1. Return yes or no: is residue 396 aromatic (Phe, Trp, Tyr), assigned to a loop (DSSP other than H, G, I, E, B) and free of Cβ contacts under 8 Å to residues at least 60 places away in the same chain?
2. Checking the conditions here, which among 388, 397, 365, 407 is under 30 Å from residue 441 (Cα atoms) and surrounded by fewer than 21 Cβ atoms within 10 Å (Cβ to Cβ)?
3. Only one of (1) assigned to a strand (DSSP E or B); (2) more than 19 Å from residue 218 (Cβ to Cβ); (3) not small (Gly, Ala, Ser) is not met by residue 141, so which one is it?
4. Looking only at the stretch 82-99, which residues are aliphatic (A, V, I, L, M) and either in contact (Cβ under 8 Å) with a residue 40 or more places away in the chain or part of a loop (DSSP other than H, G, I, E, B) (or both)?
5. Working only within the stretch 285-324, note down all residues that are in contact with a Phe, Trp or Tyr (Cβ under 9 Å, 6 or more places away or on another chain) and acidic (Asp, Glu).
6. Does the stretch 296-306 contain any residue that is over 27 Å from residue 463 (Cα atoms), within 30 Å of the chain's Cα centre (by Cα), at pLDDT 95 or above and buried (at least 20 other Cβ atoms within 10 Å of the Cβ)?
7. With the requirement that a residue be without any contact (Cβ under 8 Å) to a residue 60 or more places away in the chain and surrounded by fewer than 20 Cβ atoms within 10 Å (Cβ to Cβ), what does the stretch 50-80 give you?
8. List the residue pairs whose Cβ atoms are under 9 Å apart, where the first residue sits in the stretch 521-541 and is in a loop (DSSP other than H, G, I, E, B) and at pLDDT 95 or above, the second is surrounded by 22 or more Cβ atoms within 10 Å (Cβ to Cβ) and of a type in the set (Lys, Arg), and the two are 6 or more positions apart or on different chains.
Amino acid sequence: MGKGVKAAVIGGVFTVMVGGAGYGAYNIVSAVSGGGGSGSSASAPKTGTPDEDEVAETTGKFFAAWEQGQATQAAAHTNNAAAAGTLLSAYGEEAHISDVRITPGKATGTTVPFSVKATVSHDGVSKPLSYDSELTVVRGKTTGRALVDWQPSVVHPELKDGDTLVTEESAKPPIEAVGRDGTVLTKEKYPSLGPVLDTLRERYGAEAGGTPGVELVIRHADPATAADTPLVTLAEGKPGKLRTTLSAGVQAAAEKAVKQYAESSVVAVKPSTGEVLAVANHREDGFNAAFQGKVAPGSTMKIITAAMLIDNGVTSMNGPAPCPPTATWQSQTFKNLTGMQPNDGATLANSFLRSCNTAFIKLVDEEPLTDASLTQEAEERFGLGRGDWKTGIVSFDGSVPAVSGPDRAANAIGQGQVQMNPLNMASVTATAITGTFRQPYLVSPELDDRQLAQAKGLPASTAAQLKQMMRLTATQGTAAQAMSGLGGDIGAKTGSAEVAGNATSDSWFTGFRGDVAAAAMVQQGGHGGDAAGPIVAAVLRAGG
């Protein structure tokens, strides 16, 4: 088993088997002497980083107590005994995990990796459980003791704050989710679909016609926004078949594309129907930012702003939209990307394809525009920001608040108080090129009789101008490099959003090819064409 602790309960007596020097050896000494490991009460509290012996001592005691199911004792060796005690108690009592065997690995400084082997039991059925985790030993701020730095991930790597472990009959039957062509969609083949499939099961397990099984699950802090995450199945349920709108081919391309960039998300939709063809995320936190993200979209917002300018008669695709070096709005000065040449004679199409910030800032105070004009355009024509999308899973439908002051101008270029995600921007592109708002959805509304959101869409002339400006951007403007090599009817818009505290902007890109629209976001990915652009291009290539 290697060095470390290996504990068993035999005849009611706790026995420690020593696998060499280290944790096991310390535990025998401690048991004989009755020492608590906290040092002399007369000594001043220690300071500084715990040393090698302290790391071994602390983890040895923590692991031994955990193995015995002594939650309170184990928690006492952490720097958050209350939270640790609650979760460690649930480990044995609600999750029914027993026969715990912990094998520590080689410490790196104060961090100790370890493997866990245990048994999960329910109603006479048992299954093995095994996983790897790690912990870090820190110095207690007041006591000076060496303590385990408490994180829920110590108990299981997928646990987060507020989560717990439960073994019971499933709240919802399992599902067999299938794509639009009947391909079975699994989290093993499409990893980033994991949270999506869990949520679909939570919402539609009963409707899909399956029967529940018995599982060990992670129950998340907010069940309304995150469905249970299954870890071990003790008794198989009968899955019900749930048809989704996803395309297996487009989803596979999306999964592959986001893996190239950290903190990235992408969504593809079918503009003619609103069906979601793909949703993929590559993020450390596992969050479905593609559907639930709330961040500034940068210059992709100029699609909506351009529509507002056209619909309100301020200018048109071939009308004036001068691009000066700077533009000042209510004491705040806005600039363009470094190196952009000013153009006092620019049209809206030219300023759009070059993504000139100042051109849009100069036009936001033209008659008849008001503080509410951009909000009205977003809500009434693009269906955004009203909180009424029903996609089939948890989603956010954007926010474009009516504001005065400098943020009115900042909103127009996708900064300020505007919040979007790739789902929203893929829908914006779909509305822009068809003139019709079709609320995106992942599961047919016929399954549960839910009502999809409605909006009046765009005048045909506005949609035609937006589509042509996006075509120009994809072939002659800031999106040309990312979209090169794509055939057919294509269009795009780039964006980069500055985020306070980040040296590098978020990369945004949205585009279309035929009857596929896609949008991607890469946090701290730089310019729109640098990171988000290649993701969207890969998805459009698969879907065209």
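The values are calculated or read from the model by the stated rules, or taken from the named source; none is laboratory data. Note that the structure is predicted; figures quoted are calculated from it, not measured. Neighbour counts are summed over all protein chains in view; Cβ atoms, including those assigned to glycine, are modelled from backbone coordinates with ideal geometry.
1. Details: aromatic (Phe, Trp, Tyr): yes; assigned to a loop (DSSP other than H, G, I, E, B): yes; free of Cβ contacts under 8 Å to residues at least 60 places away in the same chain: no.
So residue 396 does not fit the description; no.
2. Details: 397 fails: surrounded by fewer than 21 Cβ atoms within 10 Å (Cβ to Cβ); 365 fails: under 30 Å from residue 441 (Cα atoms); 407 fails: under 30 Å from residue 441 (Cα atoms).
Step by step, each of 388, 397, 365, 407 is checked, and only 388 is under 30 Å from residue 441 (Cα atoms) and surrounded by fewer than 21 Cβ atoms within 10 Å (Cβ to Cβ).
3. Tallying (1) assigned to a strand (DSSP E or B); (2) more than 19 Å from residue 218 (Cβ to Cβ); (3) not small (Gly, Ala, Ser), residue 141 fails exactly one: (1).
4. Step one: filter the stretch 82-99 for residues aliphatic (A, V, I, L, M), giving 82-84, 87-88, 90, 95, 97.
Hits for the stretch 82-99 are 83, 84, 87, 88, 90, 95, 97.
5. Result: no residue meets the conditions.
6. Step one: filter the stretch 296-306 for residues over 27 Å from residue 463 (Cα atoms), giving none.
Within the stretch 296-306, none of the residues are over 27 Å from residue 463 (Cα atoms), within 30 Å of the chain's Cα centre (by Cα), at pLDDT 95 or above and buried (at least 20 other Cβ atoms within 10 Å of the Cβ).
7. Of everything in the stretch 50-80, those that are without any contact (Cβ under 8 Å) to a residue 60 or more places away in the chain and surrounded by fewer than 20 Cβ atoms within 10 Å (Cβ to Cβ) turn out to be 51, 52, 53, 69, 70, 72, 73, 76.
8. As it stands, the answer is 528/493, since those pairs meet every condition given.
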